[in-house]
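Contents: one structure, followed by commentary.
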Amino acid sequence: MKTPNSQPSVTQPVVAERAYRSPAGVAGGVLLLGMAAWLGSDALITGDGRTRLLAVAGLLFIVPLVVAFTVRPAVYANEDRLKVRNPFRIITLPWAVVADFRAAYSSEVFTEGGDKYQLWAIPVSIRDRKKANRRPSGRKGGGIFGAQAADSGVPRKAAGDRSMDELRELAKEYADRPSAKGEPAVRWAYEIIAPTVVGAVMLGVLFGLG
């Protein structure tokens, strides 16, 4: 039962989280993982005892590294923070502490405190930049109705540079939100580091024993 002074509650729209990845990196990682699975399973099935141990140690060492540098890297952005998932670390940066984004030979984010973190998921491609600079920004020609499209005058950009521009805009838009305040947080990816170390130790022991 509603009272005369009751007002309907207003639900704030929730902005979907944006995710940035390298399609080429993910595709290459999946291919390498498939090859590792094929070679490893063959050694486990047909090999002798030592070969099987070497296969297990090799998979423990190689698979996490392949995942870390190809499939794992990602950048997530929502209204409150930027989350950077790099090969061995996860960095969470509230928008209020983000000072700048730069992409010269690698994509990087800088904090107000002077810290710098690389964005592995957004690679810089000099080749793509050259292709974008050579490509015309607009074209003239007859359309379906014979109309001509005028040159937009907007410079073309490589995919990585467009992603960095989007992140700069998000930082400017959300930096003043109360929920975007806080301190940077860095967590090591022990789920990647631990099996890699175990595999390396096993390989060292097996090769050491001959």
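The values are calculated or read from the model by the stated rules, or taken from the named source; none is laboratory data. As the structure is a computational prediction, the values presented were derived from the model and not from experiment. Neighbour counts run over all protein chains shown; Cβ positions are idealised from the backbone, glycine included. Please note that ligands, DNA and RNA were not included when accessible areas were found on the heavy atoms of the full protein model with its side chains. Shrake-Rupley method; radii C 1.70, N 1.55, O 1.52, S 1.80 Å.
Annotations for the structure displayed:
- In this structure the amide hydrogen of Ala121, modeled in the peptide plane, comes within under 5 Å of the amide hydrogens of Ala74, none closer than 5 places in sequence on its chain.
- Val186/Ser41 FRET efficiency (R0 22 Å; Cβ-Cβ; nearest 0.05): 0.05
- Residues whose placed amide H lies under 5 Å from that of Arg89, excluding near-sequence neighbours: Ala189
- In segment 161-199, the chymotrypsin sites (Phe, Trp or Tyr not before Pro) that fall in loop regions by DSSP, at most 11 other Cβ within 10 Å: none
- Ranked by solvent-accessible area (1.4 Å probe, protein heavy atoms only, all chains present), the residues Ile62, Ile122 order from largest to smallest as Ile62, Ile122.
- Charge tally around Ala68: other residues with Cβ under 15 Å, Lys/Arg +1 each, Asp/Glu -1 each, net +4.
- Neighbourhood net charge (14 Å Cβ-Cβ; Lys/Arg +1, Asp/Glu -1) for Arg187: +3
- Of the GluC sites (Glu not before Pro) found in segment 14-112, the ones in coil according to DSSP and having at most 14 other Cβ atoms within 10 Å of their Cβ are Glu17, Glu112.
- In plain terms, the chain from Lys157 to Leu33 could stretch by 41.5 nm, reckoned as 0.36 nm per residue minus the Cα-Cα distance.
- For the pair Arg168 and Asp100 in one chain, pulling the backbone fully straight at 0.36 nm per residue adds 23.8 nm over the alpha carbon distance.
- Ordered from largest to smallest accessible area (heavy atoms of protein chains, 1.4 Å probe), the residues Trp38, Trp120 come out as Trp38, Trp120.
- Rolled with a 1.4 Å probe across the full set of protein chains, the surface gives Lys181 an accessible area near 110 Å².
- Surface composition of segment 43-125: carbon and sulfur atoms hold 58% of the protein heavy-atom accessible area at a 1.4 Å probe.
- Heavy-atom accessible area with a 1.4 Å probe sorts Val97, Val30, Val84, largest first, into Val30, Val97, Val84.
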